[in-house]
Amino acid sequence: MIVKLILNLILVPIPSIGVNGAAIASVACHLVAFGISIMALKKTIRIKLGLKRFVIKPILATAIMAICSYFVYSILLGIIAEKLATIIAIVFAIVIYGAAIIALRVFSKQEIKMLPAGNKICMILEKLKIY
């Protein structure tokens, strides 16, 4: 919270940033909280979290989703109503994020099997030669 407060006080008054500074401060605050949580987990339960699997791949999947959904929204905006374009872009973003998570193999087979209907999902992914 201190990070957010300080960044809000610094960024929001800047005319070129304005209220966007609050969003930037929120993201920075969450990044700090994430870092502290990861350090505590590593220390407390001695868990080994790989940077590639738990940070880089999800960020890459998020970037792919954001670019694709923005592109779909931009195309639909000139064709259909803004609210409907937003809803379709959100649904598209969910599908793209799921596909990116699977394609980047963020989860292991054992983790997928722990999901509801995980065995069926694993069988489908194996048939598609993804896992």
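Rg and Dmax over the alpha-carbon atoms of region 50-131 stand at 15.3, 44 Å. Straight-distance candidates among the lysines for linking to Lys48, with alpha-carbon spacing under 25 Å and chain neighbours fewer than 8 residues away dropped: Lys57, Lys109, Lys113.
Of the trypsin sites (Lys or Arg not before Pro) found in region 29-78, those in coil by DSSP whose Cβ has at most 16 other Cβ atoms within 10 Å are Arg46, Lys48. For the pair region 46-121 and region 1-20, the centres of their Cα atoms are 30 angstrom apart. For the options Ala63, Ala23, Ala100, a Gaussian network treatment of the chain with springs between C-alpha atoms closer than 10 Å singles out Ala23 as fluctuating the most. Which of the three applies to region 1-87, rounded, prolate or oblate, going by the alpha-carbon gyration tensor with a ≥ b ≥ c and a/c under 1.5 meaning rounded? Cα axes put region 1-87 in the oblate bin. Per-residue ellipticity at 222 nm, computed for the chain from helices alone with -39500 (n - 2.57) per DSSP H run of at least four residues, works out to -23500 deg cm²/dmol.
Bear in mind these aren't lab numbers, they're just calculated from the coordinates by the rules spelled out. Predicted model only: the values in this text are computed from it and were never measured. Methodologically, a virtual Cβ is constructed for each residue, glycine included, from the backbone with ideal geometry; neighbour enumeration extends over all protein chains shown.
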